[in-house]
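Remarks on the structure that follows.
The values are calculated or read from the model by the stated rules, or taken from the named source; none is laboratory data. Not measured: the values here are computed from a predicted model. Note that each Cβ is placed from the backbone with ideal geometry, even for glycine, and that neighbours are counted across all protein chains shown. Please note that ligands, DNA and RNA were not included when accessible areas were found on the heavy atoms of the full protein model with its side chains. Shrake-Rupley method; radii C 1.70, N 1.55, O 1.52, S 1.80 Å.
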Amino acid sequence: MELPPLVTPADELPAGERDRAARQLRLPELGEPGQRRLYAARVGVLGAGGLGSPVLLYLASAGVGTIGIVDDDVVDASNLQRQVIFSSDDVGTSKAGIAADRIRSLSPHTTVIEHREHLTADNAEQIFAGYDLIIDGSDTFDTRYAVADACAALGIPLVWGSVLRFDAQATVFWSRPPSGPAVTLRDVFPTAPAPGEVPSCAEAGVLGALCGQLGGILVTEAVKLICGIGDSLLGRMLVLEALSQRTREVPLAPVTPDTGSAAPVAETAHADSRSGAAPEATQAHANARQDATPDAASAAPGAAPEGVRDTAAPAPSQSSSTRQAGRPAHVAIDDLAAHDGAMLLDVREPEEFSRGSIPGAVSVPLAQVLGDAASIRLDDSVIVFCQTGPRARAAARALTAAHPETDIRLLDGGYAAWSERSRV
């Protein structure tokens, strides 16, 4: 989505900046006006860890005029595999201090503001006041939600990413954009996962190079917003799978057929706070790993500066004959045979469907459902499923809005549960 420039250009660039940014100035989409916007921009970065490290380096390299670093931690030896802004000599020293020195060495005209304090829901808005946008590379769920809530309250864009193991996600949240859908973290991931539900990167691991790849994407989004160029990730989730080297995209705010307005599609998701992961919620929207982004991308709000996880817990079963607050009823795996006449709708990707599905199921990928739910032909009774649940929940909500007369239900546990059951 194309958006107007976020920042007014500075009157002029400081001496020597044209030489330093010469290759970037050659880009017609940026040019000197764009470079002056970058110099006038104030960007706050949460965390100087796995995502924050490459983000800070590339913001400085791009010539952003003011960069704020929020981090009260010190460098640990285990950080060095992915936190490329630090060296072995920095172990035991302040992350914010070392990162600030590195930024100044890369971009001498950049003003660096160090916030060596723990960000909370109580101080987040005060810390963010005056910044044009925030990039979140934090590592706990509490911090992620505090960041998102503060940005939503202030009306400033939040460039968000998470990574865990070999999977990553990126998007832009903005409560009051000048145009397009208003999507916030809580629209996609309403609540944080329960303690212990999602592993941290310390437990599950994370590929260091993927942190760099995602960090570069987040800075690209920030540059686009600042300068008003390109197509922003607002309203969509980008999902990266490093092992297959594939990227996917999941809409976060489809247009509902009844109102024509943008509406968030995810229901719940969780991610690793220590690694910026986001387990299954994202996948409900996207579908990055198996069911990622609601099954893979679907991770919770990705907490740490490095995390994605596809382990969102299935919603509690409800009576198959009732609905709560307009939400579809659930069908347990053991009760599936009792619904023999229902249409089985598999909303995973075509390649997943080709590898195996429930006999008799019809393949309609999530993106197609979210793109135009009203055009999909349904039987009177439909049971929707994906790999584990997130994508199916997103699809069911869109289908329920478009086909209110149809009995739409969710298969608890999805194809994974059916496959496991069929092997017993």
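Grab the helices (runs of 4 or more DSSP H) fully contained in segment 171-245, keeping just those with 2 or more residues being open to solvent by less than 20 Å² (accessible area, probe 1.4 Å), modelled with pLDDT of 95 or more and within 30 Å of Tyr39 (Cβ to Cβ). Hits in segment 171-245: 208-227. The sole residue among Leu366, Leu399, Leu344 that is among the hydrophobic types (A, V, I, L, M, F, W, C) and more than 24 Å from the chain's Cα centre (by Cα) is Leu344. Residues of segment 379-399 that are out of contact with any Leu (no Cβ under 7 Å at 6 or more places or on another chain) and either open to solvent by 20 Å² or more (accessible area, probe 1.4 Å) or aromatic (Phe, Trp, Tyr) (or both): Asp379, Asp380, Ser381, Gln387, Thr388, Arg397.
Table: residues versus (1) touching a strand residue (DSSP E or B) at 6+ places or on another chain (Cβ under 8 Å); (2) among the hydrophobic types (A, V, I, L, M, F, W, C); (3) open to solvent by 10 Å² or more (accessible area, probe 1.4 Å); (4) modelled with pLDDT of 90 or more.
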site: Ala300; (1), (2), (3), (4): yes, yes, no, no
site: Ala303; (1), (2), (3), (4): yes, yes, no, no
site: Asp335; (1), (2), (3), (4): no, no, yes, yes
site: Met343; (1), (2), (3), (4): yes, yes, yes, yes
site: Val347; (1), (2), (3), (4): yes, yes, no, yes
site: Pro359; (1), (2), (3), (4): no, no, yes, yes
site: Pro365; (1), (2), (3), (4): no, no, yes, yes
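Any idea which residue in segment 232-249 is nearest to the chain's Cα centre (by Cα), counting only those that are within 30 Å of Leu6 (Cα to Cα) and not hydrophobic (A, V, I, L, M, F, W, C)? This residue is Arg236.
May I ask you to list the residues in segment 37-50 that are part of a helix (DSSP H, G or I) and surrounded by 24 or more Cβ atoms within 10 Å (Cβ to Cβ)? Correct list: Arg37, Leu38, Tyr39.
Look at Pro108 and say whether it is part of a loop (DSSP other than H, G, I, E, B), of a type outside the set (S, T, N, Q), open to solvent by 10 Å² or more (accessible area, probe 1.4 Å) and closer than 24 Å to Gly235 by Cβ. No. Pairs linking a residue in segment 367-378 that is within 13 Å of Arg397 (Cα to Cα) and charged (D, E, K, R) to a residue that is at pLDDT 90 or above and open to solvent by less than 60 Å² (accessible area, probe 1.4 Å), with Cβ atoms under 9 Å and 6 or more positions apart or on different chains, are Asp372/Ala402. For the criterion of being crowded, with 19+ Cβ neighbours inside 10 Å and not aliphatic (A, V, I, L, M), Arg26 fails. Listed conditions (1) at pLDDT 95 or above; (2) closer than 18 Å to Cys211 by Cβ; (3) buried (at least 16 other Cβ atoms within 10 Å of the Cβ); (4) not β-branched (Val, Ile, Thr) are all met by Gly34, apart from (2). The set of residues from segment 133-151 being surrounded by fewer than 21 Cβ atoms within 10 Å (Cβ to Cβ) and of a type in the set (Asp, Glu) comprises Asp142, Asp149. Scanning segment 395-424 for residues that are in contact with a strand residue (DSSP E or B) (Cβ under 9 Å, 6 or more places away or on another chain) and farther than 15 Å from Asp334 by Cα yields a total of 9. You will find that of Ala398, Ala337, Ala373, Ala394, the residue that is among the hydrophobic types (A, V, I, L, M, F, W, C) and more than 20 Å from Gly235 (Cβ to Cβ) is Ala337 and no other. Restricted to segment 113-128, and to residues there that are under 25 Å from Leu57 (Cβ atoms) and in a loop (DSSP other than H, G, I, E, B), the residue that is most open to solvent (accessible area, probe 1.4 Å) is Arg116. It is to be established whether one or more residues within segment 152-165 are in contact (Cβ under 8 Å) with a residue 40 or more places away in the chain, open to solvent by 40 Å² or more (accessible area, probe 1.4 Å) and either among the polar types (S, T, N, Q) or touching a Lys or Arg at 6+ places or on another chain (Cβ under 6 Å) (or both). Looking through segment 152-165, none of the residues is in contact (Cβ under 8 Å) with a residue 40 or more places away in the chain, open to solvent by 40 Å² or more (accessible area, probe 1.4 Å) and either among the polar types (S, T, N, Q) or touching a Lys or Arg at 6+ places or on another chain (Cβ under 6 Å) (or both).
Screening Ala22 with (1) within 30 Å of Ala121 (Cβ to Cβ); (2) among the small types (Gly, Ala, Ser); (3) without any contact (Cβ under 8 Å) to a residue 60 or more places away in the chain gives one miss only, at (1). Scanning segment 131-144 for residues that are at pLDDT 95 or above and not in a strand (DSSP E or B) yields Tyr131, Asp132.
So, restricting to helices (runs of 4 or more DSSP H) that lie completely within segment 331-405, which ones have at least 2 residues that are of a type in the set (Asp, Glu)?
Fully inside segment 331-405 and qualifying: 350-355.
For Ser53, the conditions (1) modelled with pLDDT of 95 or more; (2) touching a helix residue (DSSP H, G or I) at 6+ places or on another chain (Cβ under 6 Å); (3) buried (at least 24 other Cβ atoms within 10 Å of the Cβ); (4) not aliphatic (A, V, I, L, M) are fulfilled apart from (2).
Mind checking which residues of segment 1-20 are among the polar types (S, T, N, Q) and either in contact with a strand residue (DSSP E or B) (Cβ under 8 Å, 6 or more places away or on another chain) or not in a loop (DSSP other than H, G, I, E, B) (or both)? If the condition is that a residue be among the polar types (S, T, N, Q) and either in contact with a strand residue (DSSP E or B) (Cβ under 8 Å, 6 or more places away or on another chain) or not in a loop (DSSP other than H, G, I, E, B) (or both), then no residue fits.
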